[in-house]
Amino acid sequence: MKNIILLLPLITLLFGCSEEFLDSTPYAQSTSATFWRNADDAVAAANALYDPLNDEQLYGHGEQTFEICSDDFWRAGDHGEDQAIEEFVFDPDNAQLRHGYSRKYEIVNRANAILINVPDIDMDPALKDRVLGEAYFMRGFANWRLHVIYGELPLIFEQDVIDGNFNKPKATADEMRAAIESDWLEAAALLPASYSGADIGRPTSGTANGFLAKLYLYMDNMDKVIEHGERVINGPYPLAADFGDNFQIETENNPEMLFSVQAQDGWTTCAYRIYSTPRPWGGWDFHEPIQDLVDEFEEGDPRLDYSIMKPGDIIDLGGDRGPTEYTADLSSTGYHFLKFASWRESGGLDGSQNVPVLRSADVYLMVAEAKIRRDGNGAGDAEINAVRERAGLEPVSGAGMNELIHERRVELSGENQRHQDLMRWDKAGFIDIVEHYREDRGAFKPSRDFQRPKHYYFAIPQREIDLSNGVLEQNPNY
């Protein structure tokens with residue numbers, strides 16, 4: 001898939017990019033006379049689904065901002081809107097809440113255009129299924145991210161585009177989850193199990209099943225978590241032989257990486273590698289891990305060395321700098337994430353670094369959690385130990401939720417999972433999130449006031465409320 005992103009600047013011109021969703025052009029109506037002619041157009045439209053993900057306001061930085069509430073890292077940087085989010089004092093005018101909102105709906109709009117127009121194109125049936133599967137998957141993915149961040153929002157389907165009906169009231173949480181479920185089930189049925197060549201990196205049926213497992217975990221449907229999760233575990237999506245393979249450019253598109261934001265140096269790159277690295281090394285010095293996360297790793301766990309830069313580590317910066325020692329003064333907390341950055345042999349940050357979104361290891365641990373919650377302690381040992389043994393750690397026996405919570409934190413550190421996990425576990429009664437965030441974890445994570453249920457969701461951007469002329473209602477307590 002690294003090759004297909006070379007086409008995206010051209011495709012973006014064909015699709016346009018609306019600043020606000022309510023101002024969007026109904027593409028299916030306005031371009032049908034000049035586009036949507038053949039299989040090449042269908043594939044080009046599918047390629048364009050992924051372009052917004054690289055945006056600085058999505059996985060370039062903005063999407064990870066919703067994770068800075070967690071106890072894994074400090075916001076760092078110089079964005080005041082990020083500080084308000086981290087400290088749970090944001091309001092509906094917060095810029096960070098607004099930036100990614102319209103871009104997610106842009107993905108929905110592009111997916112709807114495909115679902116309207118591609119069925120009428122005369123093309124290879126298998127390729128048509130794949131393109132439609134990509135559209136279903138990405139519409140479900142965009143709606144999923146909207147849902148976990150904001151809660152209840154408008155759902156826009158094909159007929160809404162045809163009718164120009166964009167200013168809709170909120171769907172309920174159940175309606176949103178049902179729509180996401182339907183899209184991902186369609187995607188799982190239409191997408192191939194794997195790809196070869198330049199198509200590696202596109203979502204597969206395993207990607208859709210992995211996200212379905214995650215959706216069902218949020219819905220407390222443990223049987224469905226296990227059913228769809230085991231389709232991944234038993235499919236062609238094995239854990240990489242080495243944990244670090246997931247974060248090295250040469251091996252980052254291995255079968256474990258079910259979905260990631262693809263990047264190609266010099267063409268379509270993702271700014272997160274810049275945000276998360278030291279300023280003297282070419283970065284912007286945001287999202288610094290804190291000591292509390294470092295201390296969570298067991299002694300001898302190699303995932304710590306792959307995940308986090310620590311004082312004394314030697315990092316090859318390429319070029320004239322070559323192997324360079326990481327020192328504590330490079331960071332306010334004393335640490336940076338290593339997962340999300342690589343340096344070119346000639347020097348400088350390598351723009352081909354992908355951003356991981358879903359890995360098979362995550363699915364293994366979701367299945368383990370579902371089995372523990374359904375069948376009791378020890379039921380998820382096989383899945384937890386598959387992840388631990390890959391890291392070279394001793395297996396656990398009779399693992400319960402405490403062991404599962406630990407394993408998810410260290411395996412997925414910094415991968416935009418922790419805050420949502422903590423809220424899930426609070427709702428299920430496994431932790432008290434109010435007390436958890438009230439704990440003082442030092443200068444970079446002092447006591448904070450999480451208000452339940454207000455902070456289960458972020459505020460809907462006030463600009464979107466205003467543009468709707470009152471049709472869209474704000475979340476409770478904001």
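Quick notes on this structure:
- Of all residues making up the range 451-461, the number that are within 27 Å of Ser332 (Cβ to Cβ) and in a helix (DSSP H, G or I): 1
- Selection of the range 462-475 for residues being farther than 14 Å from Lys170 by Cβ and either β-branched (Val, Ile, Thr) or part of a loop (DSSP other than H, G, I, E, B) (or both) yields only Asn469.
- Count of the range 276-331 residues which are within 18 Å of Ile68 (Cα to Cα) and hydroxyl-bearing (Ser, Thr, Tyr): 4
- Checking each residue in the range 276-305 for being among the charged types (D, E, K, R) and either at negative phi or surrounded by fewer than 18 Cβ atoms within 10 Å (Cβ to Cβ) (or both) picks out Arg279, Glu288, Asp292, Asp295, Glu296, Glu298, Glu299, Asp301, Arg303, Asp305.
- Residues of the range 457-474 classified as hydroxyl-bearing (Ser, Thr, Tyr) and open to solvent by 30 Å² or more (accessible area, probe 1.4 Å), total: 1
- From the options Arg448, Arg441, Arg408, residue that is farther than 23 Å from Leu217 by Cα, open to solvent by less than 40 Å² (accessible area, probe 1.4 Å) and either in contact with an Asp or Glu (Cβ under 8 Å, 6 or more places away or on another chain) or assigned to a loop (DSSP other than H, G, I, E, B) (or both): Arg448
- Residue satisfying all of: in the range 177-219; charged (D, E, K, R) and within 25 Å of Ile249 (Cα to Cα); least open to solvent (accessible area, probe 1.4 Å) among these: Arg202
- Here Thr268 does not qualify as without any contact (Cβ under 8 Å) to a residue 60 or more places away in the chain and polar (S, T, N, Q).
- Spans of strands (runs of 3 or more DSSP E) in the range 312-368 with at least 1 residues of a type in the set (A, V, I, L, M, F, W, C) and open to solvent by 10 Å² or more (accessible area, probe 1.4 Å): 314-316, 355-359
- Whichever residue in the range 378-391 is open to solvent by 30 Å² or more (accessible area, probe 1.4 Å) and free of Cβ contacts under 8 Å to residues at least 24 places away in the same chain and, among such residues, is farthest from Arg231 (Cα to Cα): Glu389
- Count of the range 296-311 residues which are assigned to a loop (DSSP other than H, G, I, E, B) and within 27 Å of the chain's Cα centre (by Cα): 4
- Positions within the range 269-300 being out of contact with any helix residue (DSSP H, G or I) (no Cβ under 7 Å at 6 or more places or on another chain), among the acidic types (Asp, Glu) and within 18 Å of Glu415 (Cα to Cα), in sequence order: Glu288, Asp292, Asp295
- Within the range 223-262, considering residues that are surrounded by fewer than 19 Cβ atoms within 10 Å (Cβ to Cβ) and of a type in the set (A, V, I, L, M, F, W, C), the one nearest to Gln353 (Cα to Cα): Ile249
- Some residue of the range 406-418 being under 29 Å from Arg145 (Cα atoms) and in contact with a Pro (Cβ under 6 Å, 6 or more places away or on another chain): yes
- Ile85 open to solvent by less than 10 Å² (accessible area, probe 1.4 Å), closer than 30 Å to Glu296 by Cβ and not in a helix (DSSP H, G or I): no
The values are calculated or read from the model by the stated rules, or taken from the named source; none is laboratory data. Everything numeric in this text was worked out from a predicted model, so none of it was measured. Heads up, the Cβs are rebuilt from the backbone with ideal geometry, glycines too, and the neighbour counts pull from every protein chain shown. For accessibility, only protein heavy atoms count, side chains too; no ligands or nucleic acids. Shrake-Rupley method; radii C 1.70, N 1.55, O 1.52, S 1.80 Å.
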